[in-house]
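Below is one structure, written out as C-alpha cells, with a few remarks after it.
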Amino acid sequence: MNVTNDEIAALLGALSNAKAPSGFEEETLAVAREFCAGWASLEENTLRDGLITPNNFTGEKPVLMLDAHGDEVGGMVKAVLSNGTMSFVELGRFSPGTLAGQGVWVRATDGSWVRGVIGVKPPHFWTEAERAAGKAGMILDVGARSREEALERFRMGMGEPFVPDTTFSYDVETGVAFGKAFDCRAGVCAMLLALRELAGRDDLPVDVVASVSSQEEVGERGVAAAVRHFSPAAAYLFEGCPADDTFTPADEVGAALGSGPMFRYYDCCMITHPRYQRFVLGAAAEEGLPAQTSVREGGGTNGGVIHQLDVPSVVAGIPCRYIHAGTSVCRLEDVRAAAQIAVAVAERMTGEVLASL
C-alpha cells in the first residue's frame, strides 16, 4: 500500500478535528465522503451511519464488511441556568478528572460552534463535604451572564452537543500524532485507507464494503443497522483502543505504541472467533506486518453486536494512549499497519476460508 505519513496525517487530522459526538456524526461523514469521492459512494441512514460501497462492488461475491465508528465521547446541554451557565450530560464516558477545566466547543442553535469551558468550582469555595470527597460539581460555561444572554446572544440551547477543544498535530520526525477522538478516528482513517486500496482491485475473492457506524460510545447502537444493510459474510473492525504501555506491568502489555494493531481474544462484549483470529494473525505474519494480541477485562467494541448477528468478527485496535480524554497519542505506523493487515485479509478471504469459519 503506497501511502506516505503526510497523507495519513492529513486524513487523520481532518477526522480528529471533526466535531462529531454520538448522535451528531455529520462532520465525520463529511470527511469520509470527500475522501471517497470518485471511487466509492457513501449514503447515510437515519442513525447517521455512513454506508460506503466502492465502485468495484459486483454484487456477486461474498461481502466482507469493514467497520469503524465515527462518533466520539462528548456531551450535551441539559439545561441553560439562570446565571448563564449550563448543566450537561456526557455522551459516552470521559476518564475521571478529564473534564474539569477542559476547553470545549459547544454547538449553537444556528449550527455554529462556540468556545466554552467545563467550569469547576475553585478550591477556595469548596464546602467541607466537597473537600472530603475530593471533588466539586462542574458546569458548562461560554461566558454568558444570564440565561437570556446565553439563549439570545450565545445561541445556547437544550440538546446541543459539545466536544473537547483540541486541535490535531503531528510530528514529522517521530510519526507521533496528538489529537482528540482517536477512538475511533484512528480506526476510521485506517479503514478508509484500506478500502481505497481494495477499491482499485478487481481480483478480490470478496466484495468489500465499509460502515462508519454511529453511536458506539453510547451502546454500539448504529452498527446493527449497517449489518442489516450489507448482509456481510464476515466483518473486520477497526478501533482506537486504549494503549496499555504506560500503566500496565510490562509482562501484561498487549497494546503498545509502535507495535502494530492489537487483536483481542476477549473483552466484556465478545470472545473473538478463534479460527478467524488465527487466520488474520496468519495473514499478518505472512506479510511481515506487526500485530499484537491481548485479553481485555474491560471495554467493548462494535464486535460485541456484530458477532451476535452470526457474522464472524475480528477487531484491529490501533493503540492510542489516553482515549476518552481531551487529547490522545498515537503513531502513524500503527494506522498504516492496521490498514495493510486488512488488505492482506481481504486478499485471502476465499470461499474456502469463509466456509471454515
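The values are calculated or read from the model by the stated rules, or taken from the named source; none is laboratory data. Fair warning: this is a prediction, and the values are worked out from it, not measured in the lab. A quick note on method: Cβ atoms are made from the backbone with ideal geometry, for glycine too, and the neighbour counts reach across all protein chains shown.
Criterion first (of a type in the set (Lys, Arg), over 30 Å from residue 194 (Cβ atoms) and out of contact with any helix residue (DSSP H, G or I) (no Cβ under 8 Å at 6 or more places or on another chain)) does residue 121 satisfy it? Walk me through it before giving the result.
Working: of a type in the set (Lys, Arg): yes; over 30 Å from residue 194 (Cβ atoms): yes; out of contact with any helix residue (DSSP H, G or I) (no Cβ under 8 Å at 6 or more places or on another chain): no.
Here the answer is no, as residue 121 does not meet what is asked.
Would you check if there is a residue in segment 199-207 being assigned to a loop (DSSP other than H, G, I, E, B), closer than 29 Å to residue 68 by Cα and either of a type in the set (Lys, Arg) or in the same structural domain as residue 111 (by TED's automatic domain parsing) (or both)? Scanning segment 199-207, I find at least one residue that is assigned to a loop (DSSP other than H, G, I, E, B), closer than 29 Å to residue 68 by Cα and either of a type in the set (Lys, Arg) or in the same structural domain as residue 111 (by TED's automatic domain parsing) (or both), so the answer is yes. Scanning segment 111-140 for residues that are surrounded by 10 or more Cβ atoms within 10 Å (Cβ to Cβ), at pLDDT 85 or above and out of contact with any strand residue (DSSP E or B) (no Cβ under 9 Å at 6 or more places or on another chain) yields 112, 126, 127, 131. Are any of the residues in segment 135-146 β-branched (Val, Ile, Thr) and either assigned by TED's automatic domain parsing to the domain that holds residue 24 or within 20 Å of residue 74 (Cβ to Cβ) (or both)? Yes, because at least one residue in segment 135-146 is β-branched (Val, Ile, Thr) and either assigned by TED's automatic domain parsing to the domain that holds residue 24 or within 20 Å of residue 74 (Cβ to Cβ) (or both).
From the list 171, 110, exactly one residue is farther than 22 Å from residue 23 by Cβ and outside the structural domain of residue 261 (by TED's automatic domain parsing). Which is it? None of the others qualify; the one that does is 171. Among the residues of segment 329-351, the ones that are under 15 Å from residue 278 (Cα atoms) and assigned to a helix (DSSP H, G or I) come to 6 in all.
Inside segment 122-135, can you point out the residues that are touching a Gly at 6+ places or on another chain (Cβ under 9 Å) and within 28 Å of residue 217 (Cα to Cα)? Of everything in segment 122-135, just one residue is touching a Gly at 6+ places or on another chain (Cβ under 9 Å) and within 28 Å of residue 217 (Cα to Cα), namely 135.
Which one of 104, 31, 89, 63 is assigned by TED's automatic domain parsing to the domain that holds residue 334, of a type outside the set (Asp, Glu) and over 27 Å from residue 333 (Cβ atoms)?
Values: 104 fails: assigned by TED's automatic domain parsing to the domain that holds residue 334; 31 fails: over 27 Å from residue 333 (Cβ atoms); 89 fails: assigned by TED's automatic domain parsing to the domain that holds residue 334.
Only one candidate qualifies: 63.
Taking first residues from segment 208-235 that are touching a residue at least 24 places away in the same chain (Cβ under 8 Å) and closer than 15 Å to residue 68 by Cβ and partners that are among the basic types (Lys, Arg) and outside any strand (DSSP E or B), the Cβ contacts under 8 Å between residues at least 6 apart in sequence or on separate chains come to 214/48; 214/221; 215/48; 215/221; 217/93; 222/48.
Residues in segment 318-330 that are buried (at least 24 other Cβ atoms within 10 Å of the Cβ) and in contact with a Ser or Thr (Cβ under 9 Å, 6 or more places away or on another chain) were compared, and the one that is nearest to residue 299 (Cα to Cα) is 323. For segment 148-196, the candidate set comprises residues that are basic (Lys, Arg) and surrounded by fewer than 18 Cβ atoms within 10 Å (Cβ to Cβ); within that set, the residue that is farthest from residue 78 (Cα to Cα) is 153.
If residue 130 satisfies all but one of (1) assigned by TED's automatic domain parsing to the domain that holds residue 23; (2) not in a strand (DSSP E or B), what's the number of the condition it fails? Failed condition: (1).
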